[in-house]
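Student: Take a look at this one; I'll ask things after.
The values are calculated or read from the model by the stated rules, or taken from the named source; none is laboratory data. Bear in mind the structure is a predicted one, so any value in this text is a computation, not a measurement. Cβ coordinates were reconstructed from backbone atoms using ideal geometry, including for glycine residues, and neighbour counts include every protein chain displayed.
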Amino acid sequence: QKEVEQDPGPLSVPEGAIVSLNCTYSNSAFQYFMWYRQYSRKGPELLMYTYSSGNKEDGRFTAQVDKSSKYISLFIRDSQPSDSATYLCAMSPYTGANSKLTFGKGITLSVRP
Amino acid sequence: DSGVTQTPKHLITATGQRVTLRCSPRSGDLSVYWYQQSLDQGLQFLIQYYNGEERAKGNILERFSAQQFPDLHSELNLSSLELGDSALYFCASSVDGTHSSPLHFGNGTRLTVT
């Protein structure tokens, strides 16, 4: 079993839809959870960052962590065509070192106008 | 624009050859990371340098090597190239190596080995 599993997608939704992107993980030491967004032909950029369990909201984006289930989610409300990108989850253990980040393979989202 | 510059953008070479990828970190960032991204494996951490010194190693093959120079730019050297080395290679930088300074990625070098 891979340490981080992410739904392979791709995912296509109409504009305005609520999108739910998910990752599961097996390493209970993971404490830091992130979501990166990667546009075509670009490098990943940090979208959301959470520590331990709970929810974090930033505009139309909400990151949710359920450590008991080893499950994290990213919700996008009122999705826009500009949200079309690949979304990668990433997580790291308590050391807090960037070098320990483990990424999911990413899911490609397409938002249809 | 992340401020991280990678050159070249594309590289096509033959098996058995050697190539060098270059990265200039964001101004003020001391830490540089190299990642390989392929459809099969996703984004894989290769190696990290901090202020000229190797800080952490990931899934880097022995055929690959890297260094960070006094001006903080970094180079990733890939030798004895195989078809399976075809991938996107990303450089990222951060102020230090911790989560308090998130990673900023360049736009990558696409390597094609024929």
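Student: Scan the stretch B:81-114 for residues that are surrounded by fewer than 18 Cβ atoms within 10 Å (Cβ to Cβ) and in contact (Cβ under 8 Å) with a residue 60 or more places away in the chain and jot them down.
Tutor: B:Glu82, B:Leu83, B:Val95, B:Asp96, B:Ser101, B:Arg110, B:Thr112, B:Thr114
Student: Filter the stretch A:93-113 for residues that are in a strand (DSSP E or B) and within 19 Å of A:Tyr39 (Cα to Cα) and give the result.
Tutor: Looking only at the stretch A:93-113, we keep the residues that are in a strand (DSSP E or B), and these are A:93, A:97, A:102-103, A:107-112.
Residues satisfying the conditions are A:Phe103, A:Ile107, A:Thr108, A:Leu109, A:Ser110, A:Val111, A:Arg112.
Student: Checking the structure you have, find out if any residue of the stretch A:46-56 is touching a strand residue (DSSP E or B) at 6+ places or on another chain (Cβ under 7 Å), over 24 Å from B:Ala92 (Cβ atoms) and crowded, with 19+ Cβ neighbours inside 10 Å.
Tutor: Among the residues of the stretch A:46-56, not one is touching a strand residue (DSSP E or B) at 6+ places or on another chain (Cβ under 7 Å), over 24 Å from B:Ala92 (Cβ atoms) and crowded, with 19+ Cβ neighbours inside 10 Å, which makes the answer no.
Student: Would you check if B:Glu75 is in a loop (DSSP other than H, G, I, E, B) and at pLDDT 95 or above?
Tutor: Numbers: in a loop (DSSP other than H, G, I, E, B): no; at pLDDT 95 or above: yes.
Judged against the criteria, B:Glu75 is not a match.
Student: Now, a different point. Cβ-Cβ distance below 6 Å, separation of 6 or more or different chains: which pairs start in the stretch A:90-101 with a residue that is more than 15 Å from A:Lys70 (Cβ to Cβ) and at the interface with chain B (Cβ under 9 Å from one of its Cβ atoms) and end on one that is modelled with pLDDT of 90 or more and surrounded by fewer than 18 Cβ atoms within 10 Å (Cβ to Cβ)?
Tutor: That search, which allows pairs on different chains as well, returns A:Ser99/B:Ala56.
Student: For the stretch B:1-42, which fully contained strands (runs of 3 or more DSSP E) count at least 1 residues that are under 21 Å from B:Ser80 (Cβ atoms) and polar (S, T, N, Q)?
Tutor: Details: elements: B:5-7, B:10-13, B:19-24, B:31-38.
Ranges flagged: B:10-13, B:19-24, B:31-38.
Student: A further question follows. Of A:Ser40, A:Ser68, which residue is within 12 Å of chain B (Cβ to nearest Cβ), modelled with pLDDT under 95 and surrounded by fewer than 17 Cβ atoms within 10 Å (Cβ to Cβ)? Walk me through how you get there before you give the answer.
Tutor: On the way: A:Ser68 fails: within 12 Å of chain B (Cβ to nearest Cβ).
None of the others qualify; the one that does is A:Ser40.
Student: Additional query: Return the residue satisfying two criteria in turn: it lies in the stretch B:15-51 and is touching a Ser or Thr at 6+ places or on another chain (Cβ under 6 Å) and among the hydrophobic types (A, V, I, L, M, F, W, C), and of such residues it is farthest from the other protein chains (Cβ to nearest Cβ).
Tutor: Applying the filter and picking the extreme gives B:Val19.
Results for (1) among the acidic types (Asp, Glu); (2) under 30 Å from B:Thr109 (Cα atoms); (3) in a loop (DSSP other than H, G, I, E, B), shown as yes or no for each residue.
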{"site": "A:Ser28", "(1), (2), (3)": "no, no, yes"}
{"site": "A:Met34", "(1), (2), (3)": "no, yes, no"}
{"site": "A:Leu46", "(1), (2), (3)": "no, yes, no"}
{"site": "A:Phe75", "(1), (2), (3)": "no, no, no"}
{"site": "A:Met91", "(1), (2), (3)": "no, yes, no"}
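Student: Looking only at residues in the stretch B:49-69 that are within 15 Å of B:Leu30 (Cβ to Cβ) and in a loop (DSSP other than H, G, I, E, B), which one is modelled with the highest pLDDT?
Tutor: B:Phe69
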